[in-house]
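The values are calculated or read from the model by the stated rules, or taken from the named source; none is laboratory data. This one's a predicted model, so the numbers in the text were calculated from it and none came from an experiment. Cβ: placed from backbone, ideal geometry, glycine included. Neighbour counts: every protein chain shown. Surface areas here come from the heavy atoms of the whole protein model, side chains and all, with no ligands, DNA or RNA. Shrake-Rupley method; radii C 1.70, N 1.55, O 1.52, S 1.80 Å.
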Amino acid sequence: MAPRREQKVLVIVLAGGEGKRLMPLTADRAKPAVPFGGIYRLIDFALSNVVNSGYRQIVVLTQYKSHSLDRHITKTWRMSTMLGGYVAAIPAQQRMGKEWYMGSADAIYQSLNTIRDEKPDIVAVLGADHVYRMDFSQMIDQHRETGAGVTVSAIRQPISLAPEFGVIEVDPEQTTKILRFREKPTDAVGLPDAPHEVLASMGNYVFDADVLVDAVTRDATLEGSRHDMGGDIVPAFVAQNDAYVYDFKNNHVEGATDRDRGYWRDVGTLDSYYEANMDLVNIHPVFNLYNYSWPLLTSYASMPPAKFVHGHHNRFGEALNSIVSPGTVISGARITGSVVSPRVRVHSYTEVSDSVIMDNVQIGRSCQIRRTIIDKDVVVPEGTSIGFDHDHDRARGFVVTDSGLVVIGKEQTVTP
């Protein structure tokens, strides 16, 4: 095996997900393109981790309603070509036939030209829609040291949550080796050093390049395969006694705090997406955006700073325990416990609490908004109340989750 300095790493980011459980936020965009935390897109977290880890050759495989995602990558993720860096968005190309991607493994199989063209030694295959910080070089180092066929990153979760994840069971004598990989088991076995915990797959994988090519090529011919990385490829390596796990608790990111070290969230549902946004606005945030040693990278159009105006005659012009993005004007309104994206305008006597407001939303005077996600380009008329009467919210066509979270889709018409 070549020394590390000569090891060439290609990163493949799987970004074709439809994200049905995030509807209506994914009605007009792929899940990795969903805005998050005011100025970011979900894919920015995976790409920031890759770049901060020192890897510069990245392909993003897209499929479902990819225009918004493609545009974001093209405008934001540009690196110096002089040093060979690039982030390339690659749509489904039907290179192997007339079918679209039939699963994550099939997406790689249909895009094997990217591996053959780049000729890497190692390929890291990552999900595009989780919120976390991770130094992938440490996972790749372990992969090389063990000589694994595949290395799967995993995070410790309470055993009670095992039915929500793909669960990894390890060899008690060699705790980096995977004995079993099961999807959402109800009878999960706890870890040897922590019987109350299990290892849940994070959806990130590392392979030697030739091993990955062989695996997805073989899988493409198997009848009955779902052509899925977690459902088919990894179990095949487990059956060959050649699958290893990388425990996320061993990952050390520069600048991490005791509070946000090891943070990882799968924002696959409206409630989990909302809760992850709320993690950002605490006085001591559960996930710290202000780690300048491991920055979260993105880009947005040139905009003026946020502005807060009016502070008399019962007009507040203030934001408390909130994130307020550039280009926003809080005009005589009060924002509490909320994430406010760029170019939002909130008018006098309005109160917004515990909400996520996306780009270019206009909120009129004397509105009351609570526990609501409002997608882009929505106009909220004067005197509107949202989040207080859920029957009325549903009658107006808003989505209301079982927890009482209200969600308004992009450009959706809102009536008082």
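A few remarks follow.
- Computed from the alpha carbon atoms alone, the convex hull of the chain holds 152 Å³ per residue.
- Those residues of the stretch 369-398 whose amide nitrogen sits under 19 Å from the label point placed on M23, 7 Å along Cα→Cβ: 373-376, 394-398
- When the convex hull of its Cα atoms is viewed from all sides, the stretch 295-367 shows a mean projected area of 4.9 nm².
- Taking every DSSP bridge with both residues inside the stretch 362-416, close to 20 percent are antiparallel.
- Where both bridge residues fall in the stretch 1-117, DSSP classifies roughly 15% of the beta bridges as antiparallel.
- In this calculation the C-beta distance from M82 to R261 is compared with R0 = 30 Å, giving a FRET efficiency of 0.25.
- Charge tally around P185: other residues with Cβ under 11 Å, Lys/Arg +1 each, Asp/Glu -1 each, net -1.
- The chain: relative contact order in percent, alpha carbon pairs under 8 Å with at least 6 residues between: 14 percent
- For the stretch 98-173, the Kirkwood estimate of the hydrodynamic radius, built from every pair of different alpha carbons, is 15.6 Å.
- The Cα center of the stretch 277-327 and the Cα center of the stretch 348-375 differ in position by 15 Å.
- Rounded to the nearest 5, the antiparallel percentage of DSSP beta bridges internal to the chain is 35%.
- Proximity of backbone amide H atoms, modeled 1.01 Å from N, is registered between S385 and Q368 at under 5 Å, excluding neighbours fewer than 5 places apart on the same chain.
- Most to least accessible of M134, M79, M102 (protein chains only, probe 1.4 Å): M102, M79, M134
- With the helix formula -39500 (n - 2.57) applied to DSSP H stretches of n ≥ 4, the chain reaches a computed 222 nm mean residue ellipticity of -5000 deg cm²/dmol.
- Cα centroid separation - the stretch 125-141 against the stretch 171-187, whole Å: 21 Å
- Cα-Cα pairs of the stretch 236-307 separated by more than 15 Å (percent): 71 percent
- If you wrap the stretch 143-276 in the convex hull of its Cα atoms and look at it from every side, the mean projected area works out to 9.8 nm².
- Across the stretch 381-391, rounded Karplus estimates of 3J(HN,Hα) from the backbone phi angles (6.51 cos²θ - 1.76 cosθ + 1.60, θ = phi - 60°) give x, 3, x, 7, 10, 9, x, 10, 10, 5, 5 Hz, Gly and Pro being marked x.
- Remark: for residue pairs K307/K376; K249/K307; K31/K119, the C-alpha separation exceeds 31 Å in K249/K307.
- With every protein chain in place, the stretch 270-416: carbon and sulfur % of accessible area (1.4 Å): 48 percent
- Counting Cα-Cα pairs of the stretch 332-401 in 5 Å increments starting at 0 gives whole-percent bin shares of 5, 18, 29, 31, 13, 3, 0.
- Degrees separating the helix 209-220 axis from the principal Cα axis of the chain, which is the longest one: 80 degrees
- Comparing Cα centroids, the stretch 1-75 and the stretch 203-274 end up 15 angstrom apart.
- For the stretch 216-321, the solvent-accessible area with a 1.4 angstrom probe is 55 square angstrom per residue.
- Rg over Rh for the stretch 274-416 works out to 0.97, using Cα positions for both radii and the Kirkwood form for Rh.
- Cα long-axis angle, helix 43-52 against the chain (0 to 90 degrees, to the nearest 10): 60 degrees
- Normalised contact order of the stretch 154-222, rounded percent, pairs of Cα under 8 Å and 6 or more residues apart: 36 percent
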